[in-house]
1. Counting just the residues of region 1-20 that are part of a strand (DSSP E or B) and open to solvent by less than 30 Å² (accessible area, probe 1.4 Å), which one comes out nearest to Leu313 (Cα to Cα)?
2. Out of Thr23, Thr48, which single residue is at pLDDT 95 or above and open to solvent by less than 50 Å² (accessible area, probe 1.4 Å)?
3. Counting only residues that are under 17 Å from Thr23 (Cβ atoms) and assigned to a loop (DSSP other than H, G, I, E, B), how many does region 353-382 have?
4. Examine region 361-379 for a residue that is modelled with pLDDT of 95 or more, open to solvent by 20 Å² or more (accessible area, probe 1.4 Å) and more than 28 Å from the chain's Cα centre (by Cα), and state whether such a residue exists.
5. Any idea which residue in region 47-68 is farthest from Val7 (Cα to Cα), counting only those that are in contact with a helix residue (DSSP H, G or I) (Cβ under 6 Å, 6 or more places away or on another chain) and in a helix (DSSP H, G or I)?
6. Can you tell me which condition Thr86 does not meet? The list is (1) farther than 26 Å from Ser17 by Cα; (2) of a type in the set (S, T, N, Q); (3) at pLDDT 90 or above, and all the others hold.
7. Looking only at region 26-45, which residues are assigned to a loop (DSSP other than H, G, I, E, B), open to solvent by 10 Å² or more (accessible area, probe 1.4 Å) and not basic (Lys, Arg)?
8. Any residue at all in region 132-146 that's under 28 Å from Glu254 (Cα atoms), touching a helix residue (DSSP H, G or I) at 6+ places or on another chain (Cβ under 6 Å) and aromatic (Phe, Trp, Tyr)?
Amino acid sequence: MVKVNCVAMLLAGGKGSRLNSLTQNLAKPAVPFGGKYRIIDFTLSNCTNSGIENVGVLTQYQPLLLHSYIGIGSAWDLDRKSGGVTVLPPYTESSQVRWYSGTASAIYQNFNYLEQFDPEYVLILSGDHIYKMDYSEMLDYHISRNADTTISVIEVPWDEANRFGIMNTNENMEIIEFQEKPEFPKNNLASMGIYIFKWSVLKDYLERDNENPDSSHDFGKDIIPLLLQEKKKLIAYPFSGYWKDVGTVSSLWEANMDLLKEDCELNLFDYDWRIYSVNPNQPPQFISETAVVAESLINEGCVIEGEVRESVLFQGAHIGADSKIVKSVIMPDAVIGKDVYIERAIVSPSVRIPDGTHIYPDDDSNEVILVTEDYLQWKKAQ
């Protein structure tokens, strides 16, 4: 194998339990987003657009659909004779099953994959965020600062800072302290879960972490604090573009609604930075003479007989006559019956909404309702 400069390791095994039943049988990176994509499309497309040609995708939780979706990587131009995309699930050895027990554990257990490339740098990515980023610029920044580790950071709202790992830096953007989901954050500079390591440094710390019985084998909880404790050079890479952690039903809904804004920073129509996905090969959408559609994304295969406003419809969605969909996300192959009203909701894939159903939050609530078969059974019993 030819030596390469940088290899990406994409962590895609997250359970995503805060997305409730959307991830009951599906890995979080495979959750549908934006009318035609899945969450992982954004990170894989960033790799392609950044010239990162060797990508290991580490899967674990509910991997079947994710493996099938990624395939040989052709949708993202990552089907190469040498390198390209490689799916890396947990595996068994003669004496034990080696499940990934943390983010650092997942990378450690794939040393053989990395060593075949003998890279200078390793780019660690998370497969469950929505953003567009040129990783080659971050790599240039990392090299120019001669850093051992570079961590991409972004300013988040102060009232959300306690959800993230917070980086405290000096005036040179050198990281001097790391707070993992602090109750009282010292600033609002959050880690985006994107790291670049010198391979020699990463290898050393992962080997030592693996020997530590008290470690949780996690980058945020173990590796980064130890690097700081031992005075390694950690640099923050400031990012100012669109970035969204879609870890909850509300944040997933908000990110979909962001796409409908005229000034949305996440421009899906930018042909210089395309977001690639697997084409489902659906027929054209059909808008009937009774339909009304405004400020919405409508994908292939949709049939619309009712009214759709400020909403995102995935492929195969069917909106019945006299129904009205407002500020909602209708996932693939969901069927909305006649005379239905839905507002501020995410309708799960393939769910069938009976005629006459009305779904909306209380007047004074900012709730986003996740519509599933279980929710419909509960509502019917009320």
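The values are calculated or read from the model by the stated rules, or taken from the named source; none is laboratory data. Predicted model, so just to flag it, every value in this text is computed and none were measured. Cβ atoms come from the backbone with ideal geometry, glycine included; neighbour counts cover every protein chain shown. Calculation scope for accessible area: heavy atoms of the full protein, side chains included, ligands and nucleic acids excluded. Shrake-Rupley method; radii C 1.70, N 1.55, O 1.52, S 1.80 Å.
1. Leu10
2. On the way: Thr23 fails: at pLDDT 95 or above.
None of the others qualify; the one that does is Thr48.
3. 2
4. Checked region 361-379: no residue is modelled with pLDDT of 95 or more, open to solvent by 20 Å² or more (accessible area, probe 1.4 Å) and more than 28 Å from the chain's Cα centre (by Cα).
5. Among those residues, the one meeting the criterion is Leu65.
6. Going through the list (1) farther than 26 Å from Ser17 by Cα; (2) of a type in the set (S, T, N, Q); (3) at pLDDT 90 or above, Thr86 breaks only (1).
7. Passing the criteria: only Leu26.
8. Looking for residues that are under 28 Å from Glu254 (Cα atoms), touching a helix residue (DSSP H, G or I) at 6+ places or on another chain (Cβ under 6 Å) and aromatic (Phe, Trp, Tyr), one finds at least one in region 132-146, hence yes.
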